[in-house]
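This report refers to the structure that appears directly beneath it.
The values are calculated or read from the model by the stated rules, or taken from the named source; none is laboratory data. Since this is a predicted model, take the numbers as computed values, not measurements. Cβ: placed from backbone, ideal geometry, glycine included. Neighbour counts: every protein chain shown. What goes into the accessible areas is simple: the full protein's heavy atoms, side chains included, and nothing from ligands, DNA or RNA. Shrake-Rupley method; radii C 1.70, N 1.55, O 1.52, S 1.80 Å.
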Amino acid sequence: MGRLDGLVAIVTGAARGQGEAEARLFAEEGARVVLTDILADQGARVAADIGAAARFVAHDVASPEGWAEVVRATLEAFGRTDILVNNAAIVRALRLEDTEPELYERLYRVNQLGVYLGMRAVIEPMKQAGGGSIINIASVAGLKGAGSLFAYASTKWAVRGMSKAAAFELARYKIRVNTICPGVIDTPMNDGNSERMMEVLVKTTPMRRMGEPREIAEAALYLASPAASFVTGADLTVDGGMAL
């Protein structure tokens with residue numbers, strides 16, 4: 001306990017699933033946490049349940065103005081910014097030939113542009129804090145070819161590339177940038193998948209099960225904490241062996 005004592009974190013997509021698990025675990029470990037999401041009612045309930053160490057900000061990650069408000073609210077509430085988890089994302093299971101430009105742009109704006117905007121927004125407050133940790137959630141779909149996930153996989157490959165470039169640039173400021181590449185995790189993101197699809201995904205995972213949101217949160221905790229003080233530009237794969 002206390003691995004994040006005195007630190008302040010921003011977690012996007014924190015109303016449910018992986019983001020909620022990350023926000024709760026960070027608070028358990030001593031951090032003060034700003035949760036953001038477009039699901040305002042759910043996000044506000046999670047923050048209220050965490051207690052005085054948490055705040056909620058309704059937030060579209062694809063909006064530069066929204067990011068400015070998140071950083072302003074974080075500094076106003078807690079005085080600093082040490083950790084950013086770019087967790088918010090959307091997925092659509094479509095092949096390239098079936099992916100219309102409007103859908104591709106929607107996934108790009110949330111999954112890729114949102115990560116860029118988030119990293120850019122926290123540079124100055126992290127510099128003022130003496131450094132920080134940015135954790136971008138990619139995917140096993142950003143590690144290998146992914147059938148019928150063209151737009152989603154494209155954005156997750158981009159997240160990994162942006163993270164490595166940012167890690168190189170920001171190391172001089174003691175800002176670390178890493179990615180987590182989850183496999184199939186038991187979150188509401190899977191709600192649109194058929195039972196048959198989920199069975200296939202589990203069968204293609206060597207550990208023969210879905211991961212739990214808490215398992216991703218534990219990986220994020222490591223990268224956020226001083227235990228990872230010499231880790232930057234890394235991809236931490238948490239996928240039950242799916243990418244093997």
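Quick notes on this structure:
- For the residues P213, P125, P101, a GNM of the chain with alpha-carbon springs under 10 Å puts the largest fluctuation on P101.
- Each part reduced to its alpha carbon centroid, the range 156-173 and the range 1-24 end up 21 Å apart.
- A simple spin-label model places pseudo-atoms 7 Å from Cα toward Cβ; at E28 and Q42 they are separated by 2.0 nm.
- Among the DSSP helices (H) of the chain, those spanning at least 18 angstrom by Cα along their long axis with an average Kyte-Doolittle hydropathy of -1.0 or more are 64-78, 114-129, 150-170; this is a geometric and hydropathy rule only.
- Other residues within the sphere of radius under 12 Å centred on the Cβ of Y173, judged by their own Cβ, net out at +2 (K and R +1, D and E -1).
- Shape category assigned to the range 36-174 from the gyration tensor of Cα positions, a/c cut at 1.5: oblate
- Translational D in µm²/s for the chain (Stokes-Einstein at 25 °C, 0.890 mPa s, Kirkwood Rh from C-alpha pairs): 138 µm²/s
- The residues packed around G30, meaning those with a beta-carbon under 11 Å from its beta-carbon, carry a net charge of -1 if Lys and Arg are +1 and Asp and Glu are -1.
- Averaging 1/r over every pair of different alpha carbons in the range 132-244 and inverting the result gives a Kirkwood radius of 14.7 Å.
- The chain, accessible area per residue, ligands and nucleic acids excluded (1.4 Å, Å²): 46 Å²
- Neighbour net charge for G183 - beta-carbon separation under 14 angstrom, K R +1, D E -1: 0
- Histogram of C-alpha separations across the range 98-190, 10 Å bin width, %: 16, 44, 28, 11, 1
- Expressed as a whole percent, the accessible area of the chain that falls on carbon and sulfur atoms is 54 (1.4 Å probe).
- Exceedance of the 24 Å cut-off in Cα-Cα distance is limited, within the set K164/K203; K144/K174; K127/K164, to K164/K203; K144/K174.
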